[in-house]
Amino acid sequence: MDRCIVLVDAGYLLGAAASLLAGEPSRSRITVDHAALIQGLRERAESDTRQPLLRIYWFDGAPDRVPQPEHRRLRVMPRVTVRLGALTRSDGRWAQKGVDAAMHAELTELARNRACSDVVLITGDGDLLPGMMAAKEHGVAVHLWAVQAADGDYNQSEDLVAEADERRVLDRAWITRAVRAKEYGGTCAPPHLPRPEIAAILSAPLPESSLSAGPERPAEQPRHEQAAEPRNGSAERGHPHKGVPTPKDLAALRAPGPQPVSPPPSATLRWSSDKGWVDRPGAESPEAASLPTLAQLTSAEQRWADREEDITAVGGDPLEVGQVFARRWAERLTDQVHLQKISGMYPRVPHRIDGELLRYAARFGLLAHKDDQIDEQDRYAIRAGFWREIDARTATERVPAGE
């Protein structure tokens with residue numbers, strides 16, 4: 001039939017885009033507008049092949065083949081079909097399994113059934129060579145697209161390139177229409193007043209001595225930028241991973257205003273760890289116990305709307321996740337006194353709300369690639385996003401008169 005089909009190896013497309021834009025192939029370093037990307041692929045495929053699009057097949061890996069938020073968004077888009085392989089750990093690294101086989105099977109089946117006249121392949125793996133040759137034998141024209149290599153070299157199998165009927169390169173200008181390097185800036189909240197202690201909390205300082213010096217460190221960067229710092233190579237800047245402050249350290253930091261340096265003896269710290277929930281002696285303070293959870297504030301209708309927003313609008317960046325959670329919690333409060341209460345509890349999120357926040361974050365695939373635990377730096381970024389939104393909503397009351 002006179003129509004085209006696009007087969008996308010998401011691991012290659014997004015990994016190569018991350019290398020081009022962020023300098024390393026980690027997909028966590030980029031933000032993708034999937035709707036714009038799919039639209040761009042459709043327009044480019046129809047232009048290059050001069051045939052209408054039948055369908056875009058998106059091949060990707062996922063832990064236990066469970067669709068992640070981006071997969072759920074993609075599979076409800078028109079003309080998009082998502083095929084998932086497994087994501088497994090081997091020699092300390094995560095790798096896709098079954099994606100190449102699925103692409104090969106789909107390619108040969110489409111060609112055998114004469115479902116299309118042209119196939120666009122976006123991949124770099126030479127394992128697709130037999131499938132490409134089989135498609136050509138069935139009279140299908142094969143178009144091979146590459147992502148511009150960061151170093152100007154090839155990032156595709158030489159045999160694959162040689163066998164293709166047509167070849168195109170998706171250059172930086174095309175890629176940046178839908179993909180950008182992550183800046184951890186977020187868009188959920190307007191600029192806010194930075195708190196000086198954020199450097200001590202989020203930049204992984206040395207133990208004890210560095211913590212005590214936290215408030216004296218530079219405070220020009222906003223909270224979210226401090227949160228992003230450890231994720232962008234903290235070891236390279238000399239911040240040892242083992243120096244990240246403990247929950248006890250956080251509780252001992254002085255919050256703004258006339259508050260005690262240490263928490264009251266009755267305070268309870270409960271924190272997620274590799275051993276599960278950890279309770280420290282003492283009872284939760286009455287002030288913290290009076291704060292409602294998001295679940296208590298959310299109706300069944302709002303819960304459905306939240307799910308739709310999570311699928312269609314929330315990208316899953318740790319900072320953004322924390323902001324979205326805080327925005328919903330703050331907007332649904334019936335008594336705004338609670339907002340002032342929680343702001344005064346900085347830097348420690350009350351354990352009931354903190355646990356709910358981390359469970360919410362787990363929905364966005366933040367557990368993936370991390371042995372079923374949220375990475376430590378992701379947890380700090382999630383909480384930094386939470387505090388950024390709370391700051392934005394209480395900032396006007398903290399600004400001194402005349403400023």
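Derivation of every value follows stated rules applied to the coordinates shown; laboratory data play no part. Predicted, not measured: the structure shown is a model, and the values here were computed from it. Cβ: placed from backbone, ideal geometry, glycine included. Neighbour counts: every protein chain shown.
In table form, for the structure just shown:
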item	result
Order by protection proxy (mean Cβ within 10 Å, highest first), peptides 333-344, 34-45, 4-15	4-15, 34-45, 333-344
Residues with amide H under 5 Å from that of Arg83, placed H, sequence gap 5 or more	Trp58, Phe59, Asp60
Placed amide H near Arg3: partners under 5 Å, 5+ positions off or other chain	Ser117, Asp118
Rounded, prolate or oblate (a/c below 1.5 giving rounded, otherwise prolate when a/b exceeds b/c) for the stretch 4-181 by Cα gyration tensor	rounded
Cα gyration tensor shape for the stretch 61-144, rounded if a/c is under 1.5, else prolate or oblate	oblate
Relative packing of peptides 320-326, 115-121 - highest average C-beta neighbours within 10 Å first	320-326, 115-121
